[in-house]
Structure formats: structure tokens, C-alpha cells
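Quick notes on the structure that follows.
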Amino acid sequence: MENIHKRYLKNPVSEDLKDRMVFVGGPRQVGKTTFALTFLSEPTEKHPAYLNWDHIPTRSSLLKGELPARQKCIVLDEIHKFARWRNLLKGFYDTNKSEVSFIITGSARLDYYSKGGDSLQGRYHYYRLHPFSLTELNKEPTMDDFRSLLRFGGFPEPCLRGKERFWRRWQRERSQWGRS
């Protein structure tokens, strides 16, 4: 994963993972998965502790109650798409919390879903990830950094690429996502 920037939530999430699950919500393409992967020893989607609900073999393992062995932190991506995700998470957390940290990523509605029942109450902290801030791009930002952020916005992919053509295409596709 190229261009991994330290996100503003890194320290608070690291602290909370010591005794709670952490939910990370936010808009599409804001970098939730990339951020969560930074907590793994190798921050890639191929890491055995990255479990994406949309991956059929992973989904099957999770439904059987299987988690990867010898992992200190597990990232569960898009698990809120499963109707009974809260109970599944509760079981994983309650039986593994002394040895495993859990980061759950999902849509901006993840916090809304979590309020649907109190089965997870006291077991997690919720964070909303926002687009890059100026100081996330550069600890000592320049006027060029500021202009770039204004021009391409703070969503990681167009911001880091810094290419006008890519940004226009990304904007057009993003507006189409909202209508689908």
C-alpha cells in the first residue's frame, strides 16, 4: 500500500483497542479499510487478519465461528451487511477480547446500525473517518499543499494522485454511485 499517511484517528484508536472493539465508519472512498489495515503487521488486504464479508470464503469461515489463529488484531470489513452481525461480533469479542483486538469498518451508517440493539453496549467505541486534513498530508504544510487540498479535495485517491483528469473522472463516478 503506497502513500500511507498517518491518519488523525491513529492514536485514539490504538488506545481504545486495548479494551474495546473499534468501529470505523465514514463515507465511501475515505480510506476506512486502508486506515484499518495500518494496525496489521503487513498493511495489505492479503493479511490473514483482514476479513472482508464480501469475500465468500471469508464469510463462510466467519459464519462457522472461525477466526484466523495467532492474530493480535483482526479487521472485519463490511460485516454490517450480515443481518445478525451484532450477535456474531459479540460472540467473537466476548470469547477473544483478552487476546485479540477487533476493528470493524463499514459505511457511514455503521453507527446507526449499532444502535439497533444494545447487545454490543460497552464493547466498542465508534469513530467516523473524514477526508484528509491539511496536516495529515504534510506535518508542516506549504501553500502548495493547501492549494492541492482545495483543488483535489481530501479523499485519499484523487488527493494523492494530484491529477486533474483522474479527479474529474473520480468525481463523475462518485456522483453516479450516489444514484445507484
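The values are calculated or read from the model by the stated rules, or taken from the named source; none is laboratory data. None of the values given here were measured: they were computed from a predicted structure. Note: ideal-geometry Cβ built from the backbone for every residue, glycine included; neighbour counts use all protein chains shown.
Got a sec? Which strands (runs of 3 or more DSSP E) wholly within the range 35-107 have at least 3 residues that are among the hydrophobic types (A, V, I, L, M, F, W, C) and over 17 Å from residue 13 (Cα atoms)?
Counting at least 3 such residues, we get no strands (runs of 3 or more DSSP E) at all.
Residues that are within 19 Å of residue 24 (Cα to Cα), among the aliphatic types (A, V, I, L, M) and over 16 Å from the mean Cα position of the chain (by Cα) within the range 37-88 comprise 83, 88, listed in sequence order. Of all residues in the range 12-40, those satisfying the criterion of being surrounded by fewer than 16 Cβ atoms within 10 Å (Cβ to Cβ) and under 14 Å from residue 103 (Cα atoms) are 12, 14, 15, 18, 19.
When we screen 18, 6, 90, 32 for residues that are touching a residue at least 60 places away in the same chain (Cβ under 8 Å) and within 15 Å of residue 124 (Cα to Cα), the only hit is 18.
Going through (1) modelled with pLDDT of 90 or more; (2) within 22 Å of residue 48 (Cα to Cα) one by one, residue 132 falls short only on (2).
Just checking, does the range 56-64 include any residue being touching a Pro at 6+ places or on another chain (Cβ under 9 Å), without any contact (Cβ under 8 Å) to a residue 60 or more places away in the chain and surrounded by 18 or more Cβ atoms within 10 Å (Cβ to Cβ)? No - not one qualifying residue is present in the range 56-64. Only one entry in 111, 118 is at pLDDT below 90 and assigned to a helix (DSSP H, G or I), namely 111.
Look at residue 95 and say whether it is surrounded by 12 or more Cβ atoms within 10 Å (Cβ to Cβ), hydroxyl-bearing (Ser, Thr, Tyr) and out of contact with any Pro (no Cβ under 9 Å at 6 or more places or on another chain). Considered against the rule, which asks whether it is surrounded by 12 or more Cβ atoms within 10 Å (Cβ to Cβ), hydroxyl-bearing (Ser, Thr, Tyr) and out of contact with any Pro (no Cβ under 9 Å at 6 or more places or on another chain), residue 95 comes out as yes.
Going by the structure shown, is residue 30 within 18 Å of residue 136 (Cα to Cα), β-branched (Val, Ile, Thr) and at pLDDT below 95? When the stated conditions are applied, residue 30 passes them.
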